[in-house]
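This report refers to the structure that appears directly beneath it.
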Amino acid sequence: MDYEKKAKEIRAEILKMLFACQSGHPGGSLSCVEMLMALYYDTMKGLDPKDPKNPERDRFVLSKGHSCPTLYAILADLGYFPKSDLASLRQLHSHLQGHPDCKKTPGVDVNTGSLGQGASVSIGLALGAKVQKKTWKTYAVLGDGECQEGLVWEAAMSAAHYKLDNLTWMLDYNHLQIDGSNEEVMDLGDINAKFKAFGWEVYDVDGHDIKAIDEALQAPHNGKPKFICCHTVKGKGVSFMENQFGWHGSPMNKEQFEKAFAEQEV
Amino acid sequence: MGKSLRVAFGETLAKLGEENENIVALDADLANATQSKYFKEKFPERFFDMGIAEANMVDTAAGLAHVGLTPFVSTFALFGAGRAYEEIRNSVAYENLNVKFAFSHSGLSVGEDGGSHQSVEDIALMRVMPNMRVIVPADPKETEKAVRCAAALDGPVYVRVGRPVVEDIPELDEKPFEFGKATVIKDGTDAAIIACGLMVPIALEAAKTLEAEGISTAVINMHTIKPIDAETILKYNSKVKAMVSMEEHSVIGGLGSAVAEVLAGNAGAKFSIIGINDLFGQSGKPDNLFAEYGLTAEHAVEEIKKML
Ligand SMILES: Cc1ncc(C[n+]2csc(CCOP(=O)(O)OP(=O)(O)O)c2C)c(N)n1
Ligand SMILES: [Mg+2]
């Protein structure tokens, strides 16, 4: 696959969707494009757009649920629903809700949107697979601001306690949240050291390098839950959005959309 | 030109900060959304962004109140009344501590963010706690009065504010705001609509339609949900033949329930509750959602005519 071209196509879809609904979250959607591509195109097993509920499939939890346009664009690309549905994002009666809704959208495994909860739900999925002696894996993507929730650390502790070596969390480490940078709002400190201390196997990669993410996804668990710190840029791929916390949840005007869209060269 | 109730809250909090140096403010990475940013900009040394950690924020506020400060806590209604419920209940209300909660993005009018973010249960959650007082302002001017009232009261108070820009209601704003006392915006002898928050202008619209058909309709703004104004409710219960309540909240546990609790055991008007019918919300524009869930003037008119 031409990763670069595909990433641009996904970003173009995200921008179209968010411009159409004049709401939603561009910054964090653009930062996790490569992370979700590595999962959906290269890593996760048992995915079948014709049978989205296949019980043997790997599970995915977008714990930073506000970034769902990225997930929707990829699911549409894989054929879970028609690409034309993307234009209905966030509209009344659309199956594409403002935050992931597994009862409405084919291919969405778990509802998220309230930060921290997806992390804990992923513990239950992985634990459930163990109890039922299943070999499918659980993956979750978390935000850095999200890691300020106490719930995330309760979950992290339980994952190590139950030796969930079938669970991988990926951190979208873009350093920004709503009110500013992590450092200004609530410093995360040395996040990798914290996960190591909590008993996780820790990897650290460039979150826009799909090959590097793939390698970390394939790397051994060594009997532990795996944490992949993915260094990313919020608003990645749109020059005027990159590293600007103001683009967390702001709508684009027509001029901004046209510029952003043109930059994807699709 | 209107403004959102959250902006009215933010501006008022900043003014209060000037008048009372005991006031401190806490937010959970939503200062730019709840509008506590106005206070943050003016009094950075008295503002604490606690990060995305609502439970810790509420207990921290309890600690600040213990040493004599007056904390204002803000976040979205769902993450405050929801995620941090038990912290509010045990660390604040149980001790009757002087902590104020101003939660924004309440109800369906959150809009496109959808059901995970639309709190349709926060009035119920906050109302059920002993010691908690609950105020639901209807327009920007009333929001300023509500926030000032919360600051002046001793003990915990919840002020519910919303996301969208709304217009001031002149008929309401010319009347005085009295905590625990409903504002009768207009009197009527056949029917009464008891409303709160963004339903108040819709109730006024319904009354207009009914009046045009010869049905004299009172509109009562029940800004204080707790303690509820039983006197006014009972007065209209014996005066009119049909009453409805209207709220941007579940029909279970909110304004309608509070009114029904007062009416229980009393003969009088027929009463019906308009609200969200035990359902979660979904993505959409606020006005479309109001129509979808029956929070409309037409629905109120229909309910009242059914009862008369
Ligand atoms: C429990 C909870 N509190 C607050 C919010 C509101 N909120 C939505 S996104 C966001 C910031 C998220 O920052 P981060 O996790 O870093 O996400 P990213 O930068 O990847 O977009 C906040 C505070 C929420 N969705 N859930
Ligand atoms: Mg971030």
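Below, the figures for the structure above:
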{"quantity": "CD proxy at 222 nm, helix term only [per DSSP H run n ≥ 4: -39500 (n - 2.57); per residue of the protein assembly as shown; nearest 500]", "calculated": "-10500 deg cm²/dmol"}
{"quantity": "Other-chain or far-sequence residues with amide H under 5 Å of B:G180's (modelled H)", "calculated": "B:T224"}
{"quantity": "Fraction of antiparallel bridges per DSSP, the protein assembly as shown only, in percent to nearest 5", "calculated": "15 percent"}
{"quantity": "Given 16 as the ceiling on other Cβ atoms within 10 Å, longest exposed-site-free region of chain B for GluC sites (Glu not before Pro) in DSSP loops", "calculated": "B:214-308"}
{"quantity": "Folded to 0 to 90 degrees: helix B:5-19 orientation relative to chain B principal axis, Cα", "calculated": "50 degrees"}
{"quantity": "Fraction of accessible area attributable to carbon and sulfur, chain B (%, probe 1.4 Å)", "calculated": "53 percent"}
{"quantity": "In sequence order, calculated HN-Hα J values of segment A:168-178 (Karplus, 6.51, -1.76, 1.60; Hz; x Gly/Pro)", "calculated": "10, 10, 10, 9, 7, 8, 9, 6, 10, 9, 7"}
{"quantity": "Positions from segment A:58-98 whose accessible area shrinks by 10 Å² or more when the full protein complex is built, not the chain alone, probe 1.4 Å", "calculated": "A:R90, A:L92, A:H93, A:Q97, A:G98"}
{"quantity": "Accessible area of segment B:3-166 divided out per residue, in Å², using a probe of 1.4 angstrom", "calculated": "30 Å²"}
{"quantity": "Trypsin sites (Lys or Arg not before Pro) within segment A:79-184: DSSP coil, no more than 16 neighbouring Cβ in 10 Å", "calculated": "A:K103, A:K133, A:K134, A:K163"}
{"quantity": "Spacing of the two label points (7 Å from each Cα toward its C-beta) at A:A197 and B:K306, in nm", "calculated": "6.0 nm"}
{"quantity": "Qualifying aspartates and glutamates (Cα of each under 16 Å from Cα of B:K208; at least 8 residues distant if same chain)", "calculated": "B:E171, B:D187, B:D190, B:E298, B:E302, B:E303"}
{"quantity": "Å² of accessible area per residue within segment A:76-223, as computed with a 1.4 Å probe and no ligands counted", "calculated": "40 Å²"}
{"quantity": "Subset of A:K8/A:K45; A:K45/A:K133; B:K239/B:K285; B:K141/B:K181; A:K133/A:K224; A:K45/A:K163 violating a 28 Å alpha-carbon distance limit", "calculated": "B:K239/B:K285"}
{"quantity": "Overall form of segment B:172-307 per C-alpha gyration tensor (a/c, 1.5; a/b vs b/c)", "calculated": "rounded"}
{"quantity": "Degrees separating the helix B:54-66 axis from the principal Cα axis of chain B, which is the longest one", "calculated": "80 degrees"}
{"quantity": "Sulfur and carbon atoms: percent of accessible area, chain A [1.4 Å]", "calculated": "53 percent"}
{"quantity": "On Cα atoms only, tilt of A:117-131 relative to the major axis of chain A in degrees", "calculated": "40 degrees"}
{"quantity": "For segment B:110-126, 3J(HN,Hα) per residue [Karplus equation, 6.51 cos²θ - 1.76 cosθ + 1.60, θ = phi - 60°, Hz, x = Gly/Pro]", "calculated": "4, x, 4, 4, x, x, 5, 10, 8, 7, 10, 9, 5, 5, 4, 4, 7"}
{"quantity": "Gyration tensor verdict on segment B:1-137 (Cα atoms; rounded if a/c is under 1.5, prolate if a/b is larger than b/c, oblate otherwise)", "calculated": "oblate"}
{"quantity": "Residue-normalised accessible area of segment B:172-307, given per residue in Å² at a 1.4 Å probe", "calculated": "40 Å²"}
{"quantity": "Distance in nm between pseudo-label sites at A:N243 and A:M157 (7 Å out along the Cβ direction from Cα)", "calculated": "3.7 nm"}
{"quantity": "Pairwise label distance in nanometres, A:V266 with A:Q218, each label 7 Å out on the Cα-Cβ vector", "calculated": "2.8 nm"}
{"quantity": "At least 30 Å² of accessible area lost relative to the chain alone, listed for segment B:111-142 with a 1.4 Å probe", "calculated": "B:E112, B:D113, B:S116, B:H117"}
{"quantity": "Antiparallel %, DSSP beta bridges [both residues in chain A], to 5", "calculated": "5 percent"}
{"quantity": "Derived scalar couplings ³J(HN,Hα) [segment A:221-227; Karplus, 6.51 cos²θ - 1.76 cosθ + 1.60; whole Hz; x for Gly, Pro]", "calculated": "7, 6, x, 10, x, 10, 10"}
{"quantity": "Interface size A-B, as summed buried accessible area [1.4 Å probe, Å², nearest 100]", "calculated": "2000 Å²"}
{"quantity": "Chain A: most fluctuating residue of A:D190, A:D48, A:D58 per GNM, C-alpha cutoff 10 Å", "calculated": "A:D190"}
{"quantity": "For A:N111, residues with placed amide H under 5 Å, excluding near neighbours", "calculated": "A:C102"}
{"quantity": "Stretch gain in nm, segment B:T189-B:L234, where the contour uses 0.36 nm per residue and the Cα spacing is subtracted", "calculated": "14.8 nm"}
{"quantity": "Threshold 40 Å² - residues in segment A:152-199 whose accessible area is reduced by that much or more when the chain is no longer isolated, probe 1.4 Å", "calculated": "A:I178, A:D179, A:V185, A:M186"}
{"quantity": "Segment B:172-213 residues near the modelled B:K270 label - backbone nitrogen below 20 Å, point 7 Å along Cα→Cβ", "calculated": "B:188-195, B:206-213"}
{"quantity": "DSSP-defined beta bridges in chain B - what % are antiparallel, rounded to 5", "calculated": "20 percent"}
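The values are calculated or read from the model by the stated rules, or taken from the named source; none is laboratory data. Keep in mind the model is a prediction, meaning the values are calculated, not measured. All Cβ positions, glycine included, derive from the backbone under ideal geometry; neighbour counts span all protein chains shown. Only protein heavy atoms, including side chains, enter the accessible area calculation; ligands, DNA and RNA are left aside. Shrake-Rupley method; radii C 1.70, N 1.55, O 1.52, S 1.80 Å.
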